[in-house]
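**Q** Here it is, the structure in full.
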Amino acid sequence: KNEVEQSPQNLTAQEGEFITINCSYSVGISALHWLQQHPGGGIVSLFMLSSGKKKHGRLIATINIQEKHSSLHITASHPRDSAVYICAVPNYGGSQGNLIFGKGTKLSVKP
Amino acid sequence: IAGITQAPTSQILAAGRRMTLRCTQDMRHNAMYWYRQDLGLGLRLIHYSNTAGTTGKGEVPDGYSVSRANTDDFPLTLASAVPSQTSVYFCASSDSLGTDTQYFGPGTRLTVL
């Protein structure tokens, strides 16, 4: 069974700062997910990636399959980026089983 | 309907009562999921369905049951609610089971007294 660790648990930044959130897992996987949970509670999928890097606007996700590690970066952070960011991986590694979720990183961006 | 919907938005329930949380998607996704989210624990899978007519147990299935009579609907039933089932419940769907992108409903906040 996979285990997911996210760091930091909480992060406060000033507007404009570069943000990095980390995710590590214990069992090799075929794809990792990053999700965003808005302050109102809604959850949206940001990225699904299996290698290298993906970019969407100011968000960049990277993954190192060999090191079992992924990072989510936010460039030029803005108060509207304030949310909980969650990573998720297949529970039994590879592409097997359902997703297991990290506990999330709560990001607060101050104006 | 656009995407995935849940009902009710919130509910306060007396312990011992039966409750069904509703979930409907219009994306013709094969897989559907029920999660609960508790402070400090993250999202945990309760039950899932690979396709209409099949269901499976997740990480925390005790006290819950589901059915999947058709592609669109995936209700979650608490037969006899207990206070430890106080939580926020999210329904999600994906094209196939496992690693496909999941789309989440808005959640149901349930309080069991």
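**Q** Quote the charge dipole size of chain B about the Cα centre in Debye, to the nearest 20; the model charges only the Cβ of Lys and Arg (+1) and of Asp and Glu (-1).
**A** 320 debye
**Q** Starting from the exponent 0.38 and prefactor 2.2 Å, build the expected Rg for segment A:27-111 from its residue count and divide its actual Cα Rg by it. All intermediate terms of the calculation are to be shown ahead of the outcome.
**A** Values: Rg = 13.1 Å, N = 85, 2.2 N^0.38 = 11.9 Å.
Its radius of gyration relative to the 2.2 N^0.38 Å reference: 1.10.
**Q** What's the magnitude of the charge dipole for the protein assembly as shown around its Cα centre, counting Lys and Arg as +1 and Asp and Glu as -1 at the beta-carbon? Answer in Debye, nearest 20.
**A** Working: 19 positive and 14 negative charges, 40 e Å.
Charge dipole of the protein assembly as shown: 200 debye, to the nearest 20.
**Q** Could you give log10 I(q)/I(0) at q = 0.09, 0.22 Å⁻¹ for segment B:1-107, computed by the Debye formula over C-alpha point scatterers of equal weight, without solvent?
**A** -0.20, -1.22
**Q** In the neighborhood of B:R28, defined by Cβ-to-Cβ distances under 9 Å, what is the net charge if each Lys or Arg adds +1 and each Asp or Glu adds -1?
**A** Details: positive: none; negative: B:D26, B:D72, B:D95.
For residues surrounding B:R28, the net value is -3.
**Q** Next up: Given the options B:S84, B:S93, B:S67, state which has the largest fluctuation in a GNM of chain B using a 10 Å cut-off (strictly under) for Cα springs.
**A** Its mean-square fluctuation being the largest, the pick is B:S84.
**Q** A further question on this structure: Just name one of A:S77, A:H56, B:L78: the one whose Cα is farthest towards the positive end of the charge dipole of the protein assembly as shown (beta-carbon charges, Lys/Arg +1, Asp/Glu -1).
**A** It is B:L78.
**Q** Who wins for biggest fluctuation among B:T99, B:T71, B:T51 in a Gaussian network model of chain B, springs between alpha carbons below 10 Å?
**A** Looking only at B:T99, B:T71, B:T51, the biggest GNM fluctuation is shown by B:T99.
**Q** Holding the Cα-Cα limit at 31 Å, pick out from A:K54/B:K57; A:K1/A:K55; A:K55/B:K57; A:K1/A:K110; A:K110/B:K57 the pairs that are longer than that.
**A** Values: A:K54/B:K57 33 Å; A:K1/A:K55 29 Å; A:K55/B:K57 35 Å; A:K1/A:K110 38 Å; A:K110/B:K57 42 Å.
Long pairs (Cα-Cα over 31 Å): A:K54/B:K57; A:K55/B:K57; A:K1/A:K110; A:K110/B:K57.
**Q** Here's another thing I want to ask about it. How do B:W34, A:W34 line up, fewest other C-beta atoms within 10 Å first? Walk me through the numbers before you get to the answer.
**A** On the way: B:W34 28, A:W34 23.
If I rank by nearby Cβ atoms, fewest first, I get A:W34, B:W34.
**Q** Turning to a different aspect of this structure: Near B:S80, within a Cβ-to-Cβ distance under 14 Å, what is the net charge of the other residues, with Lys and Arg +1 and Asp and Glu -1? Before the final figure, lay out each step's value.
**A** Values: positive: B:R17, B:R18; negative: B:D62.
Once positives and negatives cancel, what remains is +1.
**Q** Treating only the Cβ of Lys, Arg, Asp and Glu as charged (+1, +1, -1, -1), what charge dipole size does chain A show about its Cα centre? Round to the nearest 20 debye. Let's see the in-between values first.
**A** Values: 10 positive and 6 negative charges, 33 e Å.
That gives a dipole near 160 debye.
Laboratory data are not the source of any read-out in this text; all were calculated from the coordinates shown. As the structure is a computational prediction, the values presented were derived from the model and not from experiment. Every residue, glycine as well, gets a Cβ built from its backbone with ideal geometry; the counts of neighbours run over all protein chains shown.
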